[in-house]
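Read through the structure below, which is laid out as structure tokens, and then see the notes.
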Amino acid sequence: MKRAFIIGHPISHSLSPKMHKFWLDELGIEGSYEAIDVAPENLEAELKRLQNAGYVGGNVTIPHKEAVMKFCDEIVGLAKGKTKAINTLVFIENKIVGYNSDVYGFSKNLSSNGIDFDNINSCLVIGAGGAAIAILTELRMFFPPSNIGQSNRIIYVTNRTRDKSAYLSKEFECCVIDWDKKETILPSVDLVINTTSLGMKGQPELDINLNDLRKNSIVTDIVYNPLETNLLKQSHSLGIKTVDGLGMLIYQGVLGFTKWFGVDPSTKEGLLEKTRELLVKNLS
Ligand code: ATR
């Protein structure tokens, strides 16, 4: 029996165990996915214990996403570069291999909702934390800076703390927009992305007026609890297409599950739709 885990601190709120257990049942795989609370000071010892106990790997969540990097023998893909955060571990023989599947989850969520990056020329990224860095890394794959013939493709970044957005503007060649003036850029953006925790249950709302956003623009939120954040509610009332954050959670999970258990849950017809229904029922 293959065993996987999610480690974090705290961990009881995580929806991942429900999702992975559902996939194990639906796909008839003998396996387990356990939530394990690991305090920061115990991270190294716990990783060793999990490795020795024969786990196939697992997810890593707050506050360990950066700290876990130094315990990886190999870091794969975008996590190796500027992203600097890992949320998926695969134990192979004696090695710990780290991935960032949030990045994959973000773009897969948009593409599975019919968003074609070829049709997007400018984005506004709200926030400059770890999630923003992961998303900017991914966006820059689709919109390489200074590509001949694509010079009109611009990424704007706005953040409460200007220094952080200024740093990202250098790293990713973006334009910084002042937090208090973010509405002024809306008439010229095709895609608005909230990468902050604002709007999440228990957090303050994201204060933005979308009246000046074009009706054919798209708004997406990485927050999925509530599923329809105020940002998305406002977009709906203006007739603007939205993509909620739950798909990002589901698709980041698909990548890990496939690596640990050898079956891709997205290949079973209707499974991801059923997963979504299950998770929506479990949002509290
Ligand atoms: P994560 O790694 O999940 O992105 P983070 O690195 O703590 O988390 O980043 C959180 C983001 O939410 C930051 O952009 C933060 O803005 P600051 O850089 O100014 O802190 C933003 N954020 C959090 N609370 C906020 C608030 N009340 N108002 C505006 N922005 C907020």
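The values are calculated or read from the model by the stated rules, or taken from the named source; none is laboratory data. Being a predicted model, the structure only gives us computed values, none of them experimental. Methodologically, a virtual Cβ is constructed for each residue, glycine included, from the backbone with ideal geometry; neighbour enumeration extends over all protein chains shown. For accessibility, only protein heavy atoms count, side chains too; no ligands or nucleic acids. Shrake-Rupley method; radii C 1.70, N 1.55, O 1.52, S 1.80 Å.
Starting from the Cα of residue 215, draw a straight line to each of the lysines and keep only those under 27 Å, dropping any in the same chain fewer than 8 residues away.
108, 181, 182, 233, 241
With only alpha-carbon atoms in the gyration tensor, what are the semi-axes of the equivalent ellipsoid for the stretch 90-171, in Å, largest first?
Here the semi-axes work out to 25, 18, 13 Å.
Is the shape of the stretch 82-232 rounded, prolate or oblate, going by the alpha carbon gyration tensor and its root eigenvalues a ≥ b ≥ c, with a/c under 1.5 for rounded and a/b larger than b/c for prolate?
Prolate is the answer for the stretch 82-232, as a/c is 1.5 or above and a/b outweighs b/c.
Quick one: what does P(r) look like for the stretch 157-284 with 5 Å bins over all Cα pairs, in whole %?
Going out from 0 Å in 5 Å bins, the stretch 157-284 shows 2, 10, 16, 18, 18, 15, 10, 8, 3, 0 percent.
Could you point to the residue in 236, 188, 156 farthest towards the positive end of the chain's charge dipole, with +1 and -1 charges on the Cβ of Lys/Arg and Asp/Glu respectively?
Positive-end residue among those listed: 156.
Assigning unit charges at the beta carbon (Lys, Arg +1; Asp, Glu -1) and nothing else, what dipole magnitude in debye, to the nearest 20, does the stretch 33-147 show about its Cα centre?
Dipole magnitude for the stretch 33-147 comes out near 240 debye.
Let me have the 222 nm mean residue ellipticity of the chain computed from DSSP H runs of 4+ only, each contributing -39500 (n - 2.57), with the sum over all residues rounded to the nearest 500.
Mean residue ellipticity, 222 nm, calculated: -10000 deg cm²/dmol.
At 1.4 Å probe size, with the rest of the protein present, what percent of the exposed accessible area of the stretch 1-70 is carbon and sulfur atoms?
Within the stretch 1-70, the accessible surface is 50 percent carbon and sulfur.
So if I restrict to the alpha-carbon atoms in the stretch 26-152, what is the Rg, and what is Dmax, the biggest pairwise distance, in Å?
Every Cα atom of the stretch 26-152 included, Rg and Dmax give 17.4, 54 Å.
So which of 2/48; 164/281; 95/259; 80/259 end up more than 25 Å apart by C-alpha?
Too far apart for the 25 Å limit: 164/281.
In debye, nearest 20, what is the charge dipole magnitude of the stretch 131-284 about its Cα centre with +1 on Lys and Arg Cβ and -1 on Asp and Glu Cβ, if you could check?
The dipole of the stretch 131-284 has a size of about 120 debye.
Put +1 on the Cβ of each Lys and Arg and -1 on the Cβ of each Asp and Glu in the stretch 1-94; which of 55, 14, 76 then has its Cα farthest toward the positive end of the dipole?
Checking the options against the dipole of the stretch 1-94, the answer is 76.
Treating only the Cβ of Lys, Arg, Asp and Glu as charged (+1, +1, -1, -1), what charge dipole size does the chain show about its Cα centre? Round to the nearest 20 debye.
So the magnitude is around 140 debye.
Taking N as the number of residues in the stretch 164-213, what is its Cα Rg relative to 2.2 N^0.38 Å?
Its radius of gyration relative to the 2.2 N^0.38 Å reference: 1.26.
Let's test this: bin the Cα-Cα distances of the chain at 10 Å from zero up to the farthest pair and state each bin's percent.
6, 28, 35, 22, 8, 1
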